[in-house]
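Some notes on the structure that comes next.
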Amino acid sequence: MVRLVLILLLVIAGALVVALVRDQRGRRGERIDRLRWAFLHGTPLAGYSRGGALEEYAHRGGMRFRIPASWIVETEERAPPAAPSSGRRLRVEVLQLEGPPGGGTDGVVQALKGLKPEGEQSIEVLANGNVLMKTVDATRSGGVEQVVYSWRLGRAVPPRGARIAVFRLSLPIETAPDVIAQSDLATVDREVRSASFADEPPGPSVA
């Protein structure tokens, strides 16, 4: 009888653990869904720069944009410093694509979709003719769950090419909903929209 009671208690405890894990995963999924919807379809907060004045950064791939002075830009050529930074770290990569399916704006849209064919996304043709695609992904880095916000800014290059700049900002999932984090996202969003491509960018092309 005692053994039967112990077995029943173990079964109940196991069921409770499974239910708890499922509940935590469900809550995590709901939080990510809310963050994704706010980023892709919501209205950004009025962006401001906690690090002081904005400074212009010129990427060797032919892209100019502004970031807060205290932030760090990470590129494929520029390794991040060993010491932690007090500001955000913005990952930037510039690609030159040859021969997307179609030319002009439609070709850029198709090229952007090809870079991220799965998952929810928002695509917008900006007033300056550039095309902006935004996505959100969840990952784990250093034991901390992160939300990776991505902006992919594209511009047509005649006759059928496309230039793509990819901006990524990772935030801990626990602090991503905070006002400061959301304001920083709004700052990046605003500056990406006003970023400019050089007419003749250096560097190799990506087929």
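The values are calculated or read from the model by the stated rules, or taken from the named source; none is laboratory data. Only a predicted model underlies this, so the values are computations on that prediction, with no experimental measurement involved. Cβ placement follows ideal geometry from the backbone for every residue including glycine, while neighbour counts extend to all protein chains displayed.
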Arg163 closer than 16 Å to Val94 by Cα and basic (Lys, Arg): yes
Check on Ala195, over 17 Å from Arg36 (Cβ atoms), modelled with pLDDT of 90 or more, out of contact with any helix residue (DSSP H, G or I) (no Cβ under 8 Å at 6 or more places or on another chain) and of a type in the set (A, V, I, L, M, F, W, C): yes
Subset of segment 139-161 that is out of contact with any Lys or Arg (no Cβ under 8 Å at 6 or more places or on another chain) and under 20 Å from Thr175 (Cα atoms) - its residue that is modelled with the highest pLDDT: Val147
Hey, Asp184 without any contact (Cβ under 8 Å) to a residue 60 or more places away in the chain and at negative phi or not: no
Enumeration of residues in segment 166-195 that are assigned to a strand (DSSP E or B) and surrounded by fewer than 16 Cβ atoms within 10 Å (Cβ to Cβ): Pro172
